[in-house]
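Scroll down for the structure; my scribbles are underneath it.
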Amino acid sequence: MKYYLRHTALLVLLASILACSNMSNVYSAAPDSGQSKRFNADQQTVNLALLATLHNTNVNIKESRNTTKGFMVLFTKAISAFSWGEVGRVLVVQEGPNNSRIFIHTLKRGKLQITGTEQSDFAKTIFAGVSEAIQEHNR
């Protein structure tokens with residue numbers, strides 16, 4: 001019985017490690033993955049609003065740069081008592097002279113993870129922060 005429990009625990013641990021999401025999963029996702037919202041502002045204004053918002057949230061920015069797809073920010077959220085952590089990508093795409101769209105795509109690190117921050121929660125927080133920062137910029 002002891003042998004069975006030990007091997008079962010090892011298999012569960014191994015399966016959870018192998019089923020982890022990482023930065024390459026969000027980086028390589030389709031540009032329009034996740035939740036999106038359009039903003040009536042040029043891309044530069046939205047980029048700055050996004051960075052200000054992310055610096056005021058509980059995420060770690062790993063990379064931010066311009067790509068052929070748009071302005072991309074990769075981030076992580078640390079492991080906590082209730083979560084194995086999350087990884088995410090925010091992509092700002094210019095759709096017109098004063099129209100930009102933000103796409104937010106996040107994944108939980110553990111495939112079986114039921115706790116932690118949902119993509120919809122990240123989107124709600126980021127979209128609200130960007131909206132507020134744009135309003136401040138326009139005053």
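The values are calculated or read from the model by the stated rules, or taken from the named source; none is laboratory data. Keep in mind that what you see is a predicted model, and the values were worked out from it rather than measured. With ideal geometry, Cβ positions are generated from the backbone for all residues, glycine too; neighbour counts draw on all protein chains shown.
Couple of notes before you dig in:
- Qualifying positions in the range 60-90 - β-branched (Val, Ile, Thr), more than 14 Å from VAL130 (Cβ to Cβ) and in contact with a helix residue (DSSP H, G or I) (Cβ under 9 Å, 6 or more places away or on another chain): ILE61, THR76, VAL87
- The residues in the range 20-42 that are outside any helix (DSSP H, G or I) and crowded, with 21+ Cβ neighbours inside 10 Å can be counted, and the count is 3.
- Hey, GLY96 more than 19 Å from SER28 (Cβ to Cβ), of a type in the set (Gly, Ala, Ser) and over 14 Å from the mean Cα position of the chain (by Cα) or not: yes
- Taking the range 56-137 as the region of interest, the strands (runs of 3 or more DSSP E) fully inside it that hold 2 or more residues being hydrophobic (A, V, I, L, M, F, W, C) are 71-77, 86-96, 99-108.
Here's the yes/no breakdown for (1) in contact with a Leu (Cβ under 8 Å, 6 or more places away or on another chain); (2) among the aliphatic types (A, V, I, L, M):
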site: LYS37; (1), (2): no, no
site: ASP42; (1), (2): no, no
site: THR45; (1), (2): no, no
site: ALA49; (1), (2): no, yes
site: PHE71; (1), (2): yes, no
site: ALA78; (1), (2): no, yes
site: SER83; (1), (2): no, no
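- SER120 more than 14 Å from LYS37 (Cα to Cα) and among the hydroxyl-bearing types (Ser, Thr, Tyr): no
- Exclusive hit being of a type in the set (Val, Ile, Thr), surrounded by 15 or more Cβ atoms within 10 Å (Cβ to Cβ) and more than 13 Å from the chain's Cα centre (by Cα), set THR45, THR67: THR45
- Consider the range 70-93 and keep the residues that are over 9 Å from the mean Cα position of the chain (by Cα) and modelled with pLDDT of 95 or more. The one that is nearest to ALA30 (Cα to Cα) is LEU91.
- Considering the range 119-139, the residues that are touching a strand residue (DSSP E or B) at 6+ places or on another chain (Cβ under 8 Å) and closer than 16 Å to ASN58 by Cα include one that is modelled with the lowest pLDDT, namely GLN119.
- Subset of the range 98-118 (residues that are at pLDDT below 90 and surrounded by fewer than 18 Cβ atoms within 10 Å (Cβ to Cβ)): LYS111, LEU112, ILE114, THR115, GLU118
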